[in-house]
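A short write-up of the structure that comes next.
The values are calculated or read from the model by the stated rules, or taken from the named source; none is laboratory data. The structure displayed is predicted, hence computed values, not measured ones. Cβ atoms come from the backbone with ideal geometry, glycine included; neighbour counts cover every protein chain shown. Accessible surface areas use protein heavy atoms only, side chains included; no ligands, DNA or RNA. Shrake-Rupley method; radii C 1.70, N 1.55, O 1.52, S 1.80 Å.
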Amino acid sequence: MTAMNPAVNTAASAVNGDTSDLAAIEATPATGETNGGLALKLREGTAKSHSMAESTAFITGFLKGIVDKESYRKLVANFYFVYTALEAALTHHQTHPALQGLYFPELWRQGSLETDLAYYYGADWRSKVQPSPACQAYVHRIEEISAQQPELLVAHAYTRYMGDLSGGQILKKIAKQAMGLHDGGTAFYEFETIRNHGEFKKRYRQALDTVPVDAAVSEAIVTEANHSFHLNMKLFHELEGNWLVTLGKMTWNAIAGRFQPSAS
């Protein structure tokens, strides 16, 4: 894969999950990680999936500023259903030994996504949005492990929230510029009660390393995190048709613009 600059790598992490700096994946642990701890196992164990996810057409287009409101609001709607299911499960299991240390309601995205959906669809957005087939599969998986293996929710929390913290401000800037947003539509990237994202990520990694699981369960969590990346990729694949249309329009406009008569 073509090397990406650090800012783009960070932004990709915010869409796909946290693997920090892929170029340094074999180097020393990131701040807050412990050698042999679950945080490091997740970072190293999901590196390939992260790279695959950031290479999808929709994500590469988004990072280049090629995104339209129709595609983006569909993604926001799907994220709403995903985060609603995930946060309901984490709340239900907040006293579970493997999850109680990772119960951070300040990370919850459901409310911010509701704000964005009202911006994109209007006050009656609830009657207009539905989960796509890929979103339904994602939600089903969260509900399934919540009922059968709640400890695997660690993987989904890690994949989403660490990514959200990693490059939200960069993605917010890209979204605003690409779609001409001036009065809203980016609440998803805003964590009003978390002042220092770096310090909070350090705290989160430390909490991951205190999750009381054995080697077998740790391996299962890493496997589930990779599955989470692939579920995210399917959400992006559904939007790639719209991405190609947008790219085609931009290309045509650029070509047509070259042949417009200049004002005399």
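Annotations
- Residues ASP214, ASP116 ordered from highest to lowest accessible area at a 1.4 Å probe: ASP214, ASP116.
- Peptides 76-83, 167-174 ordered by average Cβ neighbours within 10 Å, highest first: 76-83, 167-174
- Accessible surface, per residue, of the stretch 88-205 when the full set of protein chains is kept, probe 1.4 Å, Å²: 46
- Within a straight-line Cα-Cα reach of under 20 Å, LYS202 can be paired with the following aspartates and glutamates, leaving aside sequence neighbours fewer than 8 residues apart in one chain: ASP18, ASP21, GLU26, GLU33, GLU44, GLU106, ASP164, GLU190, GLU192.
- Amide hydrogen proximity for GLY37: with H placed 1.01 Å from N in the peptide plane, no residue at 5 or more positions away or on another chain lies under 5 Å.
- Averaging Cα coordinates gives a centre for the stretch 71-143 and one for the stretch 211-234; these two points are 19 Å apart.
- For the stretch 60-71, the Karplus equation 6.51 cos²θ - 1.76 cosθ + 1.60, evaluated at θ = phi - 60°, returns couplings of 4, x, 4, 5, 8, x, 9, 7, 10, 5, 5, 5 Hz by residue, with Gly and Pro reported as x.
- Taking the average, over residues, of other Cβ atoms within 10 Å as the packing measure, peptides 58-69, 39-50 rank 39-50, 58-69 from highest down.
- Peptides 102-112, 220-230 ordered by average Cβ neighbours within 10 Å, highest first: 220-230, 102-112
- Distance between the pseudo-spin-label points of ALA88 and ASN196 (7 Å out from Cα toward the beta carbon): 3.7 nm.
- Net charge of Cβ neighbours under 12 Å - reference LEU86; Lys, Arg +1; Asp, Glu -1: 0
- Pairs from the list LYS69/LYS173; LYS69/LYS176; LYS41/LYS201; LYS128/LYS176 with a Cα-Cα gap above 20 Å: LYS128/LYS176.
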